[in-house]
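First comes the structure, then the notes that go with it.
The values are calculated or read from the model by the stated rules, or taken from the named source; none is laboratory data. From a predicted model like this one, the values you see are computed outputs, not experimental measurements. Counting neighbours? That spans all protein chains shown, and the Cβs are built from the backbone with ideal geometry, glycine included. Calculation scope for accessible area: heavy atoms of the full protein, side chains included, ligands and nucleic acids excluded. Shrake-Rupley method; radii C 1.70, N 1.55, O 1.52, S 1.80 Å.
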Amino acid sequence: MTDTPEARAAGCSPDVVAWAGRGRLMPLAGHDVFVVDVAATDPDPALEPVLLLHGFPTSSFDYADAVDHLARRRRVVTLDFAGFGLTDKPDQHYTMGLQADLVVALTAELGLDRLALGSHDMGDTV
């Protein structure tokens, strides 16, 4: 695959390039979606995975400094919505419904039946 998160981050700041290296592109709802999925380093079975949803007009990079802290005890998953960050930017309207479809597809693909949710701004609406 020549299209990688690192290729999409080319020309960005070194911090964004490093963030790109922590994730992967997943085909979800007809789009290649950038996803970061970090396993807990010292898992607490009582804690659900946490899904982090970014706001407008930003990306999952909002959570770059928090992921490792949160991943001490639980799995952490975050994504870039369509049209944002390192996810596809299709020539269409970016509706809340489209973004919600991506989240539903992601949670199904990763088998996340229960989760904690962290969000802000647009992520709250999704």
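Could you check the simple spin-label distance between Arg24 and Thr95, using points 7 Å along Cα→Cβ, in nm with one decimal?
Label-label distance for Arg24 and Thr95, simple model: 3.1 nm.
Probe 1.4 Å, all protein chains in place: accessible area of Phe34 in Å², nearest 10?
Only protein atoms counted, so the area is about 0 Å².
Give the distance, in whole Å, between the Cα centre of segment 15-47 and the Cα centre of segment 48-126.
9
Report the percentage of all Cα-Cα pairs in segment 69-126 whose separation exceeds 12 Å, rounded to a whole percent. Walk me through the numbers on the way to the answer.
Values: 1201 of 1653 pairs.
Result for the distance tail: 73 percent.
When the C-alpha atoms of segment 1-70 are aligned to their principal axes, what extent does each axis show, in angstrom, from largest down?
Result for segment 1-70: principal-axis Cα extents of 39, 28, 26 Å.
Once amide H atoms are built 1.01 Å from N in the peptide plane, which residues 5 or more positions from Asp32, or in another chain, come under 5 Å H to H?
For Asp32, the qualifying residues are Asp88.
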